[in-house]
Amino acid sequence: MTALEITGDIAVLGYGLAAIGPGVGVGLIFAAVINGTARQPEAQSKLQSIAWIGFGVTEVLAIIGIALAFVFKGTGA
Amino acid sequence: MIAGVSTEFIPPGPQSFETPPIFSGVEWFTKPVLVATLSVIVIIWFFYGASRKAAVVPGKLQFAGELGYNFVRNSIARDAIGSKDYMKYVPYLCGLFFFILLNNVAATIPLIQFPTFSHIGWAYVAAIMSWVIYNAVGIKKKGLWGYFKHQTMPAGVPLWLMPLMIPIEFISNILVRPISLSLRLFANMFAGHILLLVFVLGGEYMILHSGSIAIGGVGIVTLLMALAIAGLELFVQCIQAYIFVVLTAQYIGSAIADEH
(Lines give C-alpha, C1' and ligand atoms only; values in the text may rest on other atoms or scores of the structure.)
Protein backbone atom coordinates (compact mmCIF):
# COMPACT_ATOMS: atom_id res chain seq x y z
CA MET A 1 0.00 0.00 0.00
CA THR A 2 1.46 3.29 -1.03
CA ALA A 3 1.14 6.44 0.94
CA LEU A 4 -1.56 8.80 -0.23
CA GLU A 5 0.09 11.58 -2.12
CA ILE A 6 -1.55 14.95 -1.76
CA THR A 7 -0.59 17.58 -4.27
CA GLY A 8 -1.87 21.08 -4.68
CA ASP A 9 -1.19 24.55 -3.47
CA ILE A 10 -0.58 25.65 0.10
CA ALA A 11 -2.44 28.88 -0.69
CA VAL A 12 -5.69 26.92 -0.53
CA LEU A 13 -4.93 26.04 3.11
CA GLY A 14 -4.32 29.71 3.75
CA TYR A 15 -7.68 30.53 2.25
CA GLY A 16 -9.32 27.96 4.50
CA LEU A 17 -7.80 29.67 7.55
CA ALA A 18 -8.79 33.09 6.23
CA ALA A 19 -12.40 31.97 5.87
CA ILE A 20 -12.79 31.12 9.58
CA GLY A 21 -13.12 34.72 10.74
CA PRO A 22 -15.70 35.85 8.19
CA GLY A 23 -17.59 32.58 8.79
CA VAL A 24 -17.92 33.37 12.48
CA GLY A 25 -18.80 36.97 11.65
CA VAL A 26 -21.58 36.07 9.22
CA GLY A 27 -22.91 33.59 11.76
CA LEU A 28 -23.04 36.29 14.45
CA ILE A 29 -24.86 38.68 12.11
CA PHE A 30 -27.64 36.26 11.33
CA ALA A 31 -27.82 35.04 14.92
CA ALA A 32 -28.51 38.63 15.90
CA VAL A 33 -31.19 38.89 13.21
CA ILE A 34 -32.89 35.73 14.42
CA ASN A 35 -32.78 36.98 18.02
CA GLY A 36 -34.15 40.37 17.01
CA THR A 37 -36.91 38.84 14.94
CA ALA A 38 -37.91 36.53 17.78
CA ARG A 39 -38.15 39.49 20.14
CA GLN A 40 -39.87 41.81 17.73
CA PRO A 41 -41.34 40.07 14.68
CA GLU A 42 -42.57 43.31 13.09
CA ALA A 43 -38.99 44.58 12.78
CA GLN A 44 -37.97 41.68 10.56
CA SER A 45 -37.74 43.46 7.21
CA LYS A 46 -35.80 46.35 8.70
CA LEU A 47 -33.37 43.98 10.45
CA GLN A 48 -32.90 41.93 7.33
CA SER A 49 -31.93 44.82 5.12
CA ILE A 50 -29.36 45.95 7.70
CA ALA A 51 -28.14 42.36 8.00
CA TRP A 52 -27.45 42.06 4.27
CA ILE A 53 -25.28 45.16 4.38
CA GLY A 54 -23.35 43.75 7.33
CA PHE A 55 -23.13 40.45 5.53
CA GLY A 56 -21.60 42.13 2.50
CA VAL A 57 -19.04 43.99 4.56
CA THR A 58 -18.04 40.86 6.51
CA GLU A 59 -18.03 38.55 3.54
CA VAL A 60 -15.57 40.72 1.67
CA LEU A 61 -12.86 39.51 4.07
CA ALA A 62 -13.30 35.95 2.87
CA ILE A 63 -13.45 37.24 -0.69
CA ILE A 64 -10.15 39.09 -0.27
CA GLY A 65 -8.78 35.79 1.03
CA ILE A 66 -9.76 33.92 -2.11
CA ALA A 67 -8.36 36.68 -4.31
CA LEU A 68 -5.05 36.55 -2.43
CA ALA A 69 -5.01 32.76 -2.65
CA PHE A 70 -4.88 33.18 -6.42
CA VAL A 71 -2.35 36.00 -6.19
CA PHE A 72 0.12 33.98 -4.08
CA LYS A 73 -0.52 30.73 -5.90
CA GLY A 74 2.65 28.85 -6.73
CA THR A 75 5.08 31.47 -5.43
CA GLY A 76 6.23 29.14 -2.63
CA ALA A 77 7.99 25.82 -3.01
CA MET B 1 -13.57 23.05 -22.06
CA ILE B 2 -11.14 20.32 -21.27
CA ALA B 3 -9.86 18.12 -24.06
CA GLY B 4 -11.13 14.57 -23.69
CA VAL B 5 -7.94 12.93 -24.98
CA SER B 6 -5.85 13.36 -21.89
CA THR B 7 -6.50 10.85 -19.11
CA GLU B 8 -5.25 13.11 -16.37
CA PHE B 9 -7.75 15.34 -14.64
CA ILE B 10 -7.04 19.00 -15.24
CA PRO B 11 -8.70 21.05 -12.48
CA PRO B 12 -10.49 24.21 -13.56
CA GLY B 13 -8.68 27.45 -12.78
CA PRO B 14 -8.38 30.98 -14.04
CA GLN B 15 -7.67 29.55 -17.48
CA SER B 16 -11.31 28.38 -17.59
CA PHE B 17 -12.33 32.02 -17.95
CA GLU B 18 -10.29 32.78 -21.05
CA THR B 19 -12.95 33.30 -23.65
CA PRO B 20 -11.88 33.30 -27.30
CA PRO B 21 -13.45 35.82 -29.69
CA ILE B 22 -16.76 34.57 -31.06
CA PHE B 23 -15.99 35.69 -34.61
CA SER B 24 -12.39 35.38 -35.65
CA GLY B 25 -10.99 38.80 -36.43
CA VAL B 26 -13.23 40.70 -34.01
CA GLU B 27 -10.96 40.54 -30.99
CA TRP B 28 -13.12 42.45 -28.50
CA PHE B 29 -16.35 40.54 -29.09
CA THR B 30 -16.04 37.75 -26.52
CA LYS B 31 -18.65 35.90 -24.50
CA PRO B 32 -18.94 38.47 -21.67
CA VAL B 33 -19.53 41.22 -24.22
CA LEU B 34 -22.23 39.10 -25.84
CA VAL B 35 -23.92 38.36 -22.48
CA ALA B 36 -23.80 42.02 -21.42
CA THR B 37 -25.26 43.14 -24.76
CA LEU B 38 -28.05 40.57 -24.50
CA SER B 39 -28.82 41.66 -20.94
CA VAL B 40 -29.09 45.31 -22.00
CA ILE B 41 -31.47 44.35 -24.82
CA VAL B 42 -33.62 42.29 -22.42
CA ILE B 43 -33.72 45.11 -19.85
CA ILE B 44 -34.72 47.70 -22.48
CA TRP B 45 -37.39 45.38 -23.87
CA PHE B 46 -38.71 44.60 -20.39
CA PHE B 47 -39.02 48.15 -19.12
CA TYR B 48 -40.18 49.56 -22.46
CA GLY B 49 -42.84 46.88 -22.67
CA ALA B 50 -43.81 47.42 -19.03
CA SER B 51 -44.23 51.19 -19.37
CA ARG B 52 -45.48 51.50 -22.97
CA LYS B 53 -49.12 50.82 -22.21
CA ALA B 54 -49.17 52.04 -18.64
CA ALA B 55 -52.68 51.71 -17.26
CA VAL B 56 -54.32 52.21 -13.89
CA VAL B 57 -55.10 48.50 -13.83
CA PRO B 58 -51.71 47.03 -14.77
CA GLY B 59 -51.26 44.15 -17.18
CA LYS B 60 -48.94 41.25 -16.45
CA LEU B 61 -45.79 42.85 -17.86
CA GLN B 62 -46.52 46.22 -16.31
CA PHE B 63 -47.14 44.54 -12.97
CA ALA B 64 -43.78 42.75 -13.11
CA GLY B 65 -42.01 45.96 -14.12
CA GLU B 66 -43.61 47.93 -11.31
CA LEU B 67 -42.69 45.21 -8.84
CA GLY B 68 -39.01 45.41 -9.80
CA TYR B 69 -38.95 49.19 -9.94
CA ASN B 70 -40.76 49.55 -6.62
CA PHE B 71 -38.35 47.15 -4.98
CA VAL B 72 -35.34 49.24 -5.97
CA ARG B 73 -37.05 52.55 -5.25
CA ASN B 74 -38.61 51.75 -1.88
CA SER B 75 -36.48 49.15 -0.20
CA ILE B 76 -33.09 50.17 -1.58
CA ALA B 77 -33.02 53.85 -2.54
CA ARG B 78 -35.50 55.34 -0.06
CA ASP B 79 -34.24 53.39 2.93
CA ALA B 80 -30.57 54.11 2.29
CA ILE B 81 -30.62 57.68 0.95
CA GLY B 82 -33.57 59.09 2.87
CA SER B 83 -36.99 60.18 1.68
CA LYS B 84 -35.96 63.77 0.89
CA ASP B 85 -33.70 63.44 -2.15
CA TYR B 86 -33.64 59.80 -3.16
CA MET B 87 -35.64 60.16 -6.39
CA LYS B 88 -32.64 61.63 -8.25
CA TYR B 89 -30.65 58.42 -7.84
CA VAL B 90 -33.39 55.87 -8.54
CA PRO B 91 -32.72 55.66 -12.32
CA TYR B 92 -29.05 54.87 -11.81
CA LEU B 93 -29.69 52.39 -9.00
CA CYS B 94 -32.50 50.70 -10.90
CA GLY B 95 -30.44 50.33 -14.06
CA LEU B 96 -27.41 49.14 -12.09
CA PHE B 97 -29.45 46.58 -10.16
CA PHE B 98 -31.05 44.99 -13.19
CA PHE B 99 -27.83 45.04 -15.20
CA ILE B 100 -25.89 43.25 -12.46
CA LEU B 101 -28.78 40.90 -11.71
CA LEU B 102 -29.16 39.77 -15.31
CA ASN B 103 -25.45 39.39 -15.87
CA ASN B 104 -25.10 37.33 -12.69
CA VAL B 105 -28.10 35.14 -13.37
CA ALA B 106 -26.68 34.50 -16.84
CA ALA B 107 -24.34 32.09 -15.06
CA THR B 108 -27.35 29.89 -14.33
CA ILE B 109 -29.31 30.23 -17.57
CA PRO B 110 -28.67 27.14 -19.72
CA LEU B 111 -26.57 27.61 -22.88
CA ILE B 112 -25.26 30.98 -21.68
CA GLN B 113 -23.83 29.97 -18.31
CA PHE B 114 -21.22 32.63 -17.99
CA PRO B 115 -21.19 35.37 -15.36
CA THR B 116 -20.00 38.57 -17.01
CA PHE B 117 -18.61 39.91 -13.76
CA SER B 118 -16.22 36.98 -13.39
CA HIS B 119 -13.98 39.10 -15.63
CA ILE B 120 -12.72 41.67 -13.16
CA GLY B 121 -12.67 44.53 -15.65
CA TRP B 122 -16.47 44.64 -15.69
CA ALA B 123 -16.61 44.78 -11.90
CA TYR B 124 -14.00 47.55 -11.83
CA VAL B 125 -16.04 49.72 -14.19
CA ALA B 126 -19.26 49.22 -12.23
CA ALA B 127 -17.51 50.07 -8.95
CA ILE B 128 -15.66 53.09 -10.37
CA MET B 129 -18.94 54.45 -11.72
CA SER B 130 -20.52 54.21 -8.26
CA TRP B 131 -17.39 55.72 -6.70
CA VAL B 132 -17.40 58.71 -9.04
CA ILE B 133 -21.11 59.27 -8.45
CA TYR B 134 -21.07 59.22 -4.66
CA ASN B 135 -17.98 61.39 -4.45
CA ALA B 136 -19.33 63.81 -7.05
CA VAL B 137 -22.69 64.31 -5.37
CA GLY B 138 -20.96 64.75 -2.03
CA ILE B 139 -18.52 67.34 -3.39
CA LYS B 140 -21.35 69.09 -5.23
CA LYS B 141 -23.40 69.38 -2.07
CA LYS B 142 -20.70 70.28 0.48
CA GLY B 143 -17.80 71.59 -1.59
CA LEU B 144 -14.43 69.87 -1.84
CA TRP B 145 -13.13 70.81 1.60
CA GLY B 146 -16.47 70.34 3.30
CA TYR B 147 -16.90 66.92 1.73
CA PHE B 148 -13.52 65.65 2.86
CA LYS B 149 -14.19 67.04 6.32
CA HIS B 150 -17.54 65.27 6.31
CA GLN B 151 -16.06 61.94 5.21
CA THR B 152 -12.91 61.95 7.34
CA MET B 153 -13.86 63.74 10.56
CA PRO B 154 -16.76 61.99 12.26
CA ALA B 155 -18.71 64.18 14.63
CA GLY B 156 -18.18 63.69 18.35
CA VAL B 157 -14.59 62.48 18.16
CA PRO B 158 -12.20 64.37 20.46
CA LEU B 159 -9.64 66.54 18.75
CA TRP B 160 -6.56 64.62 19.93
CA LEU B 161 -7.81 61.49 18.14
CA MET B 162 -8.06 63.29 14.82
CA PRO B 163 -4.51 62.48 13.57
CA LEU B 164 -5.49 58.83 13.92
CA MET B 165 -9.06 59.16 12.66
CA ILE B 166 -8.45 61.15 9.50
CA PRO B 167 -6.16 58.65 7.72
CA ILE B 168 -8.29 55.68 8.79
CA GLU B 169 -11.53 57.28 7.66
CA PHE B 170 -9.98 58.52 4.42
CA ILE B 171 -8.68 55.06 3.55
CA SER B 172 -11.88 53.28 4.48
CA ASN B 173 -14.34 55.80 2.99
CA ILE B 174 -12.52 56.91 -0.15
CA LEU B 175 -9.86 54.38 -1.10
CA VAL B 176 -11.07 50.94 -0.03
CA ARG B 177 -14.74 51.28 -0.96
CA PRO B 178 -14.36 50.90 -4.74
CA ILE B 179 -11.89 48.03 -4.28
CA SER B 180 -14.11 46.08 -1.92
CA LEU B 181 -17.18 46.81 -4.04
CA SER B 182 -15.60 45.42 -7.20
CA LEU B 183 -13.71 42.54 -5.55
CA ARG B 184 -16.83 41.33 -3.77
CA LEU B 185 -18.85 41.08 -6.95
CA PHE B 186 -16.00 39.68 -9.04
CA ALA B 187 -14.82 37.06 -6.55
CA ASN B 188 -18.30 35.81 -5.80
CA MET B 189 -19.02 35.23 -9.47
CA PHE B 190 -15.55 33.81 -10.10
CA ALA B 191 -15.56 31.46 -7.12
CA GLY B 192 -19.11 30.32 -7.77
CA HIS B 193 -18.36 29.49 -11.38
CA ILE B 194 -15.16 27.63 -10.45
CA LEU B 195 -17.01 25.68 -7.76
CA LEU B 196 -19.58 24.54 -10.30
CA LEU B 197 -16.83 23.65 -12.79
CA VAL B 198 -15.02 21.55 -10.17
CA PHE B 199 -18.12 19.53 -9.41
CA VAL B 200 -19.32 19.12 -12.99
CA LEU B 201 -15.93 18.39 -14.58
CA GLY B 202 -14.88 16.23 -11.64
CA GLY B 203 -18.10 14.23 -11.85
CA GLU B 204 -17.76 13.83 -15.58
CA TYR B 205 -14.15 12.67 -15.19
CA MET B 206 -15.03 10.19 -12.45
CA ILE B 207 -17.88 8.66 -14.47
CA LEU B 208 -16.26 8.51 -17.91
CA HIS B 209 -12.50 8.30 -17.39
CA SER B 210 -11.84 6.64 -14.03
CA GLY B 211 -12.54 3.09 -15.24
CA SER B 212 -13.90 2.02 -11.88
CA ILE B 213 -17.57 1.48 -11.04
CA ALA B 214 -17.19 2.61 -7.43
CA ILE B 215 -15.61 5.91 -8.41
CA GLY B 216 -18.24 6.29 -11.12
CA GLY B 217 -20.93 6.02 -8.43
CA VAL B 218 -19.25 8.81 -6.49
CA GLY B 219 -19.23 10.78 -9.74
CA ILE B 220 -23.03 10.56 -9.94
CA VAL B 221 -23.29 11.92 -6.38
CA THR B 222 -20.90 14.69 -7.39
CA LEU B 223 -23.13 15.68 -10.30
CA LEU B 224 -26.14 15.76 -7.96
CA MET B 225 -24.14 18.01 -5.63
CA ALA B 226 -23.48 20.25 -8.61
CA LEU B 227 -27.25 20.68 -9.02
CA ALA B 228 -27.59 21.73 -5.36
CA ILE B 229 -24.67 24.13 -5.73
CA ALA B 230 -26.28 25.63 -8.84
CA GLY B 231 -29.30 26.44 -6.67
CA LEU B 232 -27.09 28.03 -4.02
CA GLU B 233 -25.29 30.01 -6.70
CA LEU B 234 -28.58 31.37 -8.06
CA PHE B 235 -29.29 32.70 -4.57
CA VAL B 236 -25.78 34.17 -4.26
CA GLN B 237 -26.09 35.85 -7.66
CA CYS B 238 -29.29 37.64 -6.67
CA ILE B 239 -27.87 38.59 -3.24
CA GLN B 240 -24.71 40.03 -4.80
CA ALA B 241 -26.68 42.25 -7.17
CA TYR B 242 -28.72 43.45 -4.18
CA ILE B 243 -25.66 44.06 -1.99
CA PHE B 244 -23.82 45.99 -4.70
CA VAL B 245 -26.76 48.34 -5.21
CA VAL B 246 -27.57 48.67 -1.50
CA LEU B 247 -23.97 49.60 -0.73
CA THR B 248 -23.92 52.11 -3.60
CA ALA B 249 -27.09 53.68 -2.22
CA GLN B 250 -25.61 53.63 1.26
CA TYR B 251 -22.45 55.41 0.07
CA ILE B 252 -24.51 58.05 -1.75
CA GLY B 253 -26.65 58.47 1.36
CA SER B 254 -23.64 58.90 3.64
CA ALA B 255 -21.98 61.31 1.20
CA ILE B 256 -24.93 63.71 1.14
CA ALA B 257 -26.08 63.19 4.74
CA ASP B 258 -26.32 66.27 6.93
CA GLU B 259 -24.30 66.48 10.10
CA HIS B 260 -26.25 65.52 13.14
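Tabulated results
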quantity: Yes/no for B:TYR205 being aromatic (Phe, Trp, Tyr) and more than 14 Å from every other protein chain (Cβ to nearest Cβ); calculated: yes
quantity: Hits in segment A:49-60 - residues which are of a type in the set (A, V, I, L, M, F, W, C) and more than 9 Å from chain B (Cβ to nearest Cβ); calculated: A:ILE50, A:ALA51
quantity: Number of the exception - A:LEU61 against (1) loosely packed, with under 12 Cβ neighbours inside 10 Å; (2) in a helix (DSSP H, G or I); calculated: (1)
quantity: Among the candidates A:ALA31, A:ALA11, A:ALA18, residue that is surrounded by fewer than 14 Cβ atoms within 10 Å (Cβ to Cβ) and among the hydrophobic types (A, V, I, L, M, F, W, C); calculated: A:ALA31
quantity: Residues of segment B:208-260 that turn out to be more than 14 Å from chain A (Cβ to nearest Cβ), of a type in the set (Gly, Ala, Ser) and within 31 Å of the chain's Cα centre (by Cα), as a count; calculated: 6
quantity: Top-ranked residue in segment B:74-92 [being over 15 Å from B:GLY138 (Cβ atoms) and among the charged types (D, E, K, R); ranked as farthest from the other protein chains (Cβ to nearest Cβ)]; calculated: B:LYS84
quantity: Count - residues of segment B:31-62 that are over 24 Å from B:ALA106 (Cα atoms) and assigned to a helix (DSSP H, G or I); calculated: 2
quantity: Single match in B:GLY25, B:GLY82 (criterion: farther than 30 Å from B:TYR134 by Cβ and of a type outside the set (Val, Ile, Thr)); calculated: B:GLY25
quantity: Total residues in segment A:19-48, condition hydroxyl-bearing (Ser, Thr, Tyr) and either in contact with a Phe, Trp or Tyr (Cβ under 9 Å, 6 or more places away or on another chain) or more than 10 Å from chain B (Cβ to nearest Cβ) (or both); calculated: 1
quantity: B:GLY121, sole failed condition from (1) surrounded by 15 or more Cβ atoms within 10 Å (Cβ to Cβ); (2) part of a helix (DSSP H, G or I); calculated: (1)
quantity: Count - residues of segment A:61-73 that are more than 8 Å from the chain's Cα centre (by Cα) and at the interface with chain B (Cβ under 8 Å from one of its Cβ atoms); calculated: 4
quantity: Filter result for B:PHE98 (under 30 Å from B:LEU227 (Cα atoms), within 16 Å of the chain's Cα centre (by Cα), more than 14 Å from chain A (Cβ to nearest Cβ) and outside any loop (DSSP other than H, G, I, E, B)); calculated: yes
quantity: Condition check for B:LEU67: touching a residue at least 24 places away in the same chain (Cβ under 8 Å) and farther than 25 Å from B:TYR251 by Cβ; calculated: no
quantity: Among (1) of a type in the set (Gly, Ala, Ser); (2) within 11 Å of chain B (Cβ to nearest Cβ); (3) assigned to a helix (DSSP H, G or I), the one test that A:GLY8 misses; calculated: (3)
quantity: Verdict on B:SER210 being at pLDDT 90 or above and not hydrophobic (A, V, I, L, M, F, W, C); calculated: no
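The values are calculated or read from the model by the stated rules, or taken from the named source; none is laboratory data. Because the structure is a prediction, the values reported are computed rather than measured. Cβ sites come from the backbone with ideal geometry, for glycine too, and all protein chains shown count toward neighbours.
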